[in-house]
Amino acid sequence: ATAEALAQERHKFVDPTLCRRHAEAARLGEEQTLALGRITGAIRLAAVVGHAGTGKSTLLGAARAVWDAAGYRVRGAALSGIAAEGLQQGAGIESRTIASLLRQWGQQGRETLSARDVLVVDEAGMVGSRDLAAVLAAVQEAGAKLVLVGDAEQLQPIAAGAPFRAIVERVGAEALTVVRRQKQDWQRQATAELATGRTREALARYWEKGMVLAAIKAEEAKIRLIIDWQAGRRRDPA
């Protein structure tokens, strides 16, 4: 109910020319450009759904630049520390774990959200109902803007509920479907198959390209992996 209310409320306006300028600077694709316009638009809750490799970090980096230019403060959050670190490194958004944010907000006198804040939650599909409800309540009370980014088909929340999936079903989302990380068509197809649980088909593509190496024992595989890695380092020290 909180998410649906936020999705109907308007946030402060961002000049579309900023979006066009930063979309061109970041060389965003068509899907990414559409998503950029939505998440930087006037709605207070926006969602983006995309598999791994579809350019979510590049999109969020461009969005951060737009919000910075418009005078907003951008914060990032994720369930795990490694995901928060990835958001910070990949998109340049200062980030921390959701648990850390909630603990900070719960302490009297500590800095909280304001109407000039944009909060980006990455890997939102892994966040449980209790934590996401607390985030939504804080955003609503502060008059801030919330952007949820994730893939409902990836790892599911450890905690109860699947709120990201439910929110996307109710308020909609921009979808990123074009795999951009890999350049060859077969690799893009394999990535899409891995993201949707078709592991056998994906591994078959790598096998056909000679990129799956078998070993009788785990110890043999480890030794071979180290030898190959060392050989690669000698060829390309960078």
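Quick look at the values:
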| read-out | value |
| --- | --- |
| Loop GluC sites (Glu not before Pro), the stretch 111-152, which have at most 13 other Cβ atoms in a 10 Å radius of their Cβ (DSSP) | E111 |
| Pairs of lysine residues in the chain - Cα separation under 28 Å, sequence separation of 8 or more or cross-chain | 8 |
| Potential lengthening between R198 and S80 on full extension [0.36 nm per residue; Cα-Cα distance subtracted] | 39.9 nm |
| Amide H within-cut-off set for A175, under 5 Å, with H built and near neighbours excluded | V49 |
| Share of carbon and sulfur in the accessible heavy-atom surface of the stretch 81-234 [1.4 Å probe, %] | 52 |
| Mean shadow area of the chain, taken as a quarter of the surface of its Cα convex hull (nm²) | 15.7 |
| Under 9 Å, Cβ to Cβ, from W67 - net charge with Lys/Arg +1 and Asp/Glu -1 | +2 |
| Cα-based Rg of the stretch 84-144 normalised by 2.2 N^0.38 Å, two decimals | 1.11 |
| Förster radius 22 Å - calculated FRET efficiency between A5 and T177 (Cβ-Cβ, nearest 0.05) | 0.15 |
| Contour excess over end-to-end distance, with Cα ends at S129 and A115 and 0.36 nm allotted per residue | 2.7 nm |
| Q88/A215 FRET efficiency (R0 35 Å; Cβ-Cβ; nearest 0.05) | 0.45 |
| Candidates V66, V171, V149, ranked by Gaussian network fluctuation over the chain, Cα under 10 Å, top entry | V171 |
| Solvent-accessible area per residue, Å², over the stretch 1-89 with all protein chains present [probe radius 1.4 Å] | 46 |
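The values are calculated or read from the model by the stated rules, or taken from the named source; none is laboratory data. A quick note: this is a predicted structure, and the numbers were derived from the prediction, not measured. Virtual Cβ from ideal backbone geometry, glycine too; neighbours counted across all protein chains shown. Note: accessible area is taken over every heavy atom of the protein model, side chains too, but ligands, DNA and RNA are not part of it. Shrake-Rupley method; radii C 1.70, N 1.55, O 1.52, S 1.80 Å.
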